[in-house]
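The values are calculated or read from the model by the stated rules, or taken from the named source; none is laboratory data. All figures in this text were calculated on a predicted structure; none of them were measured in a lab. Here the Cβ positions follow ideal geometry from the backbone for every residue, glycine too, while neighbour counts run over all protein chains shown.
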Amino acid sequence: MFLRGEGYGAHLLMRYYFLRATSLAKWMPSAQRCYMSSQNREKDGQREPPKSEVAKSGQYKSILEEVLIKEPKKPTTTAEKVKEKAENTFFYAVLVASVGALGVLCYFLFEQFFSVDSPQKIYSNALSMIRADDRCEEIFGNPIAGFGEETSRGRRRHVAHQKYRKDGRDRIRVVFHLKGPRCEGLAQAEMEMVDGTWEWRFLLVQTRERPSRTCILIDNRV
């Protein structure tokens with residue numbers, strides 16, 4: 001009986017190892033595949049996006065394609081055609097008006113700041129000559145600042161100017177203020193049209209102190 005029981009136990013033990021080996025053999029290929037798949041993903045540095053992100057990107061792409069690629073619906077009825085023509089006419093009118101306004105603005109800016117006879121251009125050139133003059137530097141000191149008329153609130157406006165015609169020639173006169181470390185003063189500059197060209201007629205500065213001092217930089221008055 002002992003031998004029989006021992007042989008029966010050995011039989012059960014062998015059967016246990018056999019079944020375990022069989023289950024391991026079935027499990028190993030799938031485990032190996034999972035391990036190799038994870039290694040390949042880590043090696044390539046790629047990560048599969050979640051399904052929700054894929055769905056969202058597809059949705060966004062479809063909306064973008066619809067906006068960019070979708071052709072506008074063509075009018076079919078007479079009322080729709082008339083409405084489309086009216087809208088196109090309105091848009092063209094707005095475009096033409098905008099271009100015209102832009103042209104007027106550019107012309108105005110050119111006349112104010114870049115034209116030879118513009119008050120701002122005359123003021124800039126006159127102030128440059130005053131700063132470069134040794135006599136003006138001796139009177140006002142260095143640096144010399146120039147500015148236009150001041151309002152009641154202390155704000156400085158554009159330089160005062162006057163355009164007029166005399167003796168058959170167009171003239172423009174500019175008046176602006178000067179200020180230096182030593183004193184303050186007033187500058188007057190005038191240009192006139194001579195044979196189609198703007199030329200300096202005079203440029204002079206005068207201090208506000210008493211007695212006042214005058215410095216004439218240009219004088220082509222006859």
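Scoring G146 on the criteria (1) at pLDDT below 90; (2) under 33 Å from the mean Cα position of the chain (by Cα) leaves a single failure, condition (1). Scoring H158 on the criteria (1) part of a helix (DSSP H, G or I); (2) modelled with pLDDT under 90; (3) under 18 Å from A189 (Cα atoms) leaves a single failure, condition (1). Taking the stretch 162-191 as the range and being of a type in the set (A, V, I, L, M, F, W, C) and farther than 15 Å from M129 by Cα as the test, the residues that pass are I172, C183. Residues in the stretch 176-194 that are more than 21 Å from A160 (Cβ to Cβ) and within 40 Å of the chain's Cα centre (by Cα): 1 in all.
Within the stretch 173-182, the set of residues being surrounded by 18 or more Cβ atoms within 10 Å (Cβ to Cβ) and not in a strand (DSSP E or B) comprises G180 only. The one condition from (1) touching a residue at least 40 places away in the same chain (Cβ under 8 Å); (2) within 40 Å of the chain's Cα centre (by Cα) that T197 does not meet is (1). Quick one: which of K85, K163 is charged (D, E, K, R), modelled with pLDDT under 95 and in a helix (DSSP H, G or I)? Answer to the selection: K85.
Being in contact with a helix residue (DSSP H, G or I) (Cβ under 9 Å, 6 or more places away or on another chain), modelled with pLDDT under 65 and closer than 30 Å to W200 by Cβ is a description that does not apply to F108.
In the stretch 127-138, the condition of being within 30 Å of the chain's Cα centre (by Cα), at pLDDT 75 or above, within 30 Å of E199 (Cα to Cα) and surrounded by 15 or more Cβ atoms within 10 Å (Cβ to Cβ) is met by no residue.
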